[in-house]
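Below you'll find the structure, written out as structure tokens, and then a few comments.
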Amino acid sequence: MSVIISPSVLSCDFANVQRDVEMINNSEADWFHVDVMDGVFVPNISFGFPVIAAINKHAKKPLDVHIMIVNPDQFVEEFAKVGTAILTVHYEACTHLHRTIQLIKSHGMKAGVALNPHTNIELLEDVINELDLVLIMSVNPGFGGQKFIEGAIDKVRKLKALIERKNANVIIEVDGGVNLETGARLVEAGADALVAGSFVFNSSNPAQTIADLKAL
């Protein structure tokens, strides 16, 4: 199976969102990665439900929504209403993670859990069979364009081993500092999906850059 590519619309041109959504529609990308930040869990604020709904109106591929917010449970239903296909919450933001996962699934979405760079893979052992996706953060969450954290490669290997040991059916996604060089190493380590933002949208030909990542 070829790697799943999920371009991050946080890096798109906000004055031309529809144009960039159409570019992703017509590219070899598989998903739209949508980062939601509240300025509390992470030191930045991004877009809310009206923008996600607007993206979904034009998107022809699933919305892969990554929420970097406190108290995620209170917004799960709203994310479902605006068209989210995969909802990924942060391990660090969930006091009752199993309950949050069940809540996401009860609204018809696939459930993902994101881990910050300092969070250990082993903490997912008791919920790995409940998950559809694990998102490894290879930068500290909150801003695009950061330098890749090398420890993410080994983390992907450890997660792959946990998934195989538990006989789980889980997609390994990586977000942060992804380019052709780091992407190739992540795929080799066992990553199934790559999120790329500035690498795609700052390139001279974003659709070709997506194709190059897809070919890894």
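Read-outs: derived from the displayed coordinates by stated rules, not from any lab. Since the structure is predicted, the reported quantities are computational estimates derived from the model, not experimental observations. Cβ placement follows ideal geometry from the backbone for every residue including glycine, while neighbour counts extend to all protein chains displayed.
Assorted remarks:
- Average Cα contact separation per residue, the chain, under 8 Å, 6 or more apart, as relative contact order %: 23
- For residue 146, the shell of other residues with beta-carbons less than 15 Å away shows a net charge of -2, using +1 for Lys and Arg and -1 for Asp and Glu.
- Computed lengthening from residue 154 to residue 106, 0.36 nm per intervening residue step minus Cα-Cα distance: 14.0 nm
- Spherically averaged projected area of the convex hull of Cα atoms, the chain: 10.6 nm².
- Additional length obtainable on full extension of the chain from residue 53 to residue 185, 0.36 nm per residue less Cα span: 44.1 nm
- Other residues within the sphere of radius under 11 Å centred on the Cβ of residue 114, judged by their own Cβ, net out at -4 (K and R +1, D and E -1).
- Using 0.36 nm per residue and subtracting the Cα-Cα separation, the extra length available between residue 122 and residue 14 on full extension is 35.1 nm.
- Whole-Å distance, taken between Cα centres, linking the stretch 184-216 and the stretch 78-132: 24
- By DSSP, the beta bridges lying fully in the chain are antiparallel in about 5 percent of cases.
- Taking trypsin sites (Lys or Arg not before Pro) across the stretch 137-216, the ones in a DSSP loop with at most 11 further Cβ atoms lying within 10 angstrom of their Cβ are 147.
- Take the Kirkwood radius over Cα pairs of the stretch 50-116, plug it into Stokes-Einstein at 20 °C and 1.002 mPa s, and you get 179 µm²/s for translational diffusion.
- Think of it as helices only: each DSSP H run of n ≥ 4 in the chain is worth -39500 (n - 2.57), and spread over all residues that comes to -10000 deg cm²/dmol at 222 nm.
- Counting beta carbons within 10 Å around each of 1, 68, 109, 23 and listing the fewest first gives the order 1, 23, 109, 68.
- Placing a label point 7 Å from the Cα of residue 44 along the Cα-to-Cβ line, the residues of the stretch 131-166 whose backbone N sits under 15 Å from it are 137-149.
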